Structure formats: C-alpha cells, structure tokens
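Everything below concerns the one structure shown next.
Since every read-out is calculated from the coordinates, none of them should be taken as a lab result. No experiment lies behind these values; they were computed from the predicted model shown. Heads up, the Cβs are rebuilt from the backbone with ideal geometry, glycines too, and the neighbour counts pull from every protein chain shown.
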C-alpha cells in the first residue's frame with residue numbers, strides 16, 4: 001500500500017541518502033493519550049497499564065504514515081510548516097495497523113488480550129492524520145549518543161516518491177542527487193497550495209529552478 005511520511009527537508013534528504021527512516025519511540029509521541037487511550041477508573045488498572053506501556057516503550061517503536069498527502073494540517077504540523085517534504089513508500093499491507101478515532105475512551109476492566117487493539121485508538125480530533133502505523137522492534141541506536149533508532153529501507157519499506165513542500169526551497173538537484181542512487185525510479189513532485197480548495201496539490205509547473 002502507498003503511504004506517506006511527513007518530515008523537515010533536511011531530515012528527508014538525509015533519510016533518502018542513508019536509506020532509512022527514524023523510528024518514533026513511544027515515550028516521544030506528541031499525543032500523551034497515545035497508547036494510553038483506555039478509560040482507567042481503577043488505581044490498580046492504571047498501575048498495570050503503566051507497567052505494560054513501560055514494557056512496550058522499552059522494546060518497541062513505530063513508523064507513522066498517513067494515507068494521503070493533500071491535507072494542509074499535515075504539512076503544517078509535520079512537514080515543517082509546508083517547508084518540508086513527504087516521502088511516499090510502498091509498505092507491505094500486513095505490517096500496517098490502522099488507527100481508530102473515537103469520541104470516548106474505551107473501557108478496559110482488566111488487562112486482557114484485547115488491550116493491544118484498544119491501545120490503537122486515538123481521540124477523534126486526530127482523525128485528520130488518517131494514520132497507519134508499523135510497530136517495530138527497537139535495535140541498537142545509530143549512533144548511540146543520539147538516542148535515535150532507524151528502520152532500513154527494503155522490500156517491505158520501499159521509497160517510491162518524494163514530494164517537496166509548497167514553501168520548500170530545497171533545490172530539485174539536491175533531491176535528484178539523493179534519489180539518483182536508487183535502482184528503481186523514485187518520482188519527484190513539487191507541491192503547491194490549491195487555488196480553489198483547502199488542499200495541497202501537485203504543482204504542474206514543477207520546480208522553479
């Protein structure tokens with residue numbers, strides 16, 4: 001399935017050059033309710049969930065994608081205020097986990113086998129992200145002093161497209177140099193703000209250079 005990852009241009013170019021994507025750690029997510037979405041009226045339940053989430057955070061991270069790239073909020077929040085870029089990947093369907101957006105926190109009476117599904121829920125106001133996630137093991141940091149983890153590009157995470165943001169000043173030649181090392185072609189797109197709708201669309205005129 002084709003999915004999209006938003007990021008600042010300098011990190012996007014670095015990821016393309018190094019053929020890798022940063023893994024989001026669970027303790028560094030921007031929504032404090034993430035993986036903490038269930039209702040927790042009982043103190044013992046809260047304690048159990050806290051320990052469970054701590055265990056998850058020490059062993060797993062995730063790659064975060066959106067189904068589309070046209071929503072201006074995504075560019076504003078994750079694409080460096082429209083100055084960044086989007087990397088489009090083909091990701092194996094079986095690895096993608098759909099986020100379910102809900103108005104109310106689901107009730108969990110015990111830490112049971114359904115907890116994993118309940119923890120994939122998010123508050124409905126996040127639904128503009130239209131998010132899909134890939135959960136992955138955390139391996140060695142690279143380099144160790146940064147505290148960052150990365151997933152390598154490969155058959156199950158294949159770069160297919162680079163979209164330069166409407167306000168990005170990254171030169172086309174810089175992007176072409178980065179994708180030129182790939183065996184399969186990677187499509188380049190320059191984005192612009194739509195003229196009639198609140199969307200980000202393809203600039204048919206291409207890059208300005």
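Remark: spin-label model distance residue 105-residue 169 equals 4.5 nm, labels positioned 7 Å along the Cα→Cβ axis.
7 Å from Cα along Cα→Cβ at both residue 53 and residue 90: what's the point-to-point distance in nm? Between residue 53 and residue 90, the simple spin-label model gives 3.8 nm. Applying 0.36 nm per residue to the separation of residue 28 and residue 126 and subtracting their alpha-carbon distance, the gain on full extension is 33.6 nm.
Can you compute the helix-only [θ] at 222 nm over the chain? Use -39500 (n - 2.57) per DSSP H run of at least 4 residues, normalise by all residues, nearest 500 deg cm²/dmol.
Numbers: 5 runs with 46 residues, N = 209.
Helices in the chain give a 222 nm mean residue ellipticity of -6500 deg cm²/dmol.
So in the chain, what percent of DSSP beta bridges are antiparallel if you round to the nearest 5?
On the way: 33 of 41 bridges.
Just about 80 percent of them are antiparallel.
Overall dimensions of the chain, expressed as equivalent-ellipsoid semi-axes from the Cα gyration tensor (√(5λ), whole Å, largest first), are 34, 20, 14. For segment 154-209, the square roots a ≥ b ≥ c of the C-alpha gyration tensor eigenvalues yield an a/c of 1.5 or more together with a/b not exceeding b/c, which makes the shape oblate.
What FRET efficiency comes out for residue 67 versus residue 193 if R0 is 22 angstrom and r is the Cβ-Cβ distance? Round to the nearest 0.05. Provide the component values of the computation, followed by the final result.
Values: r = 20 Å, r/R0 = 0.93.
The calculated FRET efficiency here is 0.60.
Given their separation in residues at 0.36 nm each and the Cα-Cα distance between them, residue 36 and residue 81 gain 13.4 nm when the chain is fully extended.
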